[in-house]
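Accompanying notes for the structure given below.
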Amino acid sequence: MADILPRPAARTSRSVRPGARRRTAIAYLFLAPFLVIFVVFVVAPAVYGLWISLHRWNSLVPIRPFVGLKNYIDLFTPGSTTSGDYWQSMGATGIFTVCSVPFLVIVPLVAAVLLNQKIKGTTVFRGIFFAPYVLGVAVVGVIWKYLLDPQSGVLNHLLGLIGLPSNTPWTVDVPWAWISLVGITVWWTSGLNTVIVLAGLKGISADLYEAASLDGAGPVRQFFTVTLPGLRPVMLFVTTTTILASANMFGQSFLLTKGGPGNATRTAIMYISDEGLSQGQMGAASAMSYLLFAILAIISIVNFRLQREKA
């Protein structure tokens, strides 16, 4: 009877484990250069910055006493040396983010849908739409500062030629300064989001559109029932990265408005860099940076949760 019953398979763990360990070792060997770079240039500076935020760290003074959470508490203490200016700059950052993100999501979505159509010249238009993104922020700032200068700018001159007001303070008064900063940012960066959304459109099966067409769905209904649901993961990524990028805006405001008029367009990154690099208050600036990081992390998590609930 014992000879009839099948024998249990012999354990092969001894022969499998060395191979699995070898593959794991090879994988970590290939990952090692990236891991080293990540630790040296991301993890270590992050830990060091957190350590700095717990000190009264002035780059010009050799004595840097440990103060614990005082730099963070000062940010929430009305009347402190950093609280008022920091939250004013955070308000400016919020204004820019709220005003720019909808355009940086909707405009690329519409452009990608149009560029995804089977018409002649779409490749050329894709290149034209993406071209501004390859420019550096310094180039963008110089170009638009020349175009939007209130006194001698090209835009005001052209408006005057067609009988429109030619004294618009594009960069020296609000809300025109915000309109300029948002418009420039949309012109400059929407090309990247367009390419990402366009790649997402390519991943939607044509069979879904054919089935919707057979059910009598027109282009508009297909957009809302096929395109948008198919783009949900892509739009989640685009929305989150756009919020983070807008909240970290620095170059446009620094080059065009210098944070003015007054401090109306001085963003959080501008204030943090001035406090840390110009004023030498590295401890306070580090605390501001980590508080900004925490706020953006919460916003990203909330965005992911909302998108998942919609799914």
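So if R0 is 22 Å, what FRET efficiency would V302 and V174 give, r being the distance between their Cβ atoms, rounded to the nearest 0.05? Efficiency for this residue pair is about 0.15.
The protection proxy used here, the mean number of other Cβ atoms lying within 10 Å of each residue, ranks peptides 77-88, 229-240 as follows, highest first: 229-240, 77-88. Taking the empirical scaling 2.2 N^0.38 Å for compact globular proteins as reference, segment 149-258 has a Cα radius of gyration ratio of 1.55. Judged by the mean number of other Cβ atoms found within 10 Å, the most tightly packed of the peptides 64-74, 170-180 leads the ranking 170-180, 64-74.
Take every pair of alpha-carbon atoms less than 8 Å apart whose residues are at least six positions apart; their mean separation over the length of segment 88-310 yields a relative contact order of 29 percent.
For Rg/Rh (Cα atoms, Kirkwood Rh), the choices are (i) 0.93; (ii) 1.12; (iii) 0.95; which was calculated from the structure? Structure-derived value, by its label: (ii). Gain on full extension, evaluated as 0.36 nm per residue between I162 and I26 minus their Cα-Cα distance, stands at 42.2 nm. Gain on full extension, evaluated as 0.36 nm per residue between F34 and I295 minus their Cα-Cα distance, stands at 91.2 nm.
A cut-off of 5 Å between modelled amide H atoms, ignoring neighbours fewer than 5 places along the same chain, links H55 with V67. Applying a length cut-off of 20 Å (Cα extent along the axis) and a mean Kyte-Doolittle floor of -1.0 to the DSSP H helices of the chain leaves 13-38, 83-115, 176-202, 232-247, 282-310. Protection proxy ranking, highest mean first, for peptides 255-261, 133-139: 255-261, 133-139, where packing is the per-residue count of other beta-carbon atoms within 10 Å, averaged.
Any read-out appearing in this document is the output of simple, stated calculations on the displayed coordinates, not a laboratory observation. It should be emphasised that the depicted structure is a prediction, and the values quoted were computed from it without experimental measurement. Every residue, glycine among them, receives a Cβ derived from its backbone with ideal geometry; neighbour counts consider all protein chains shown.
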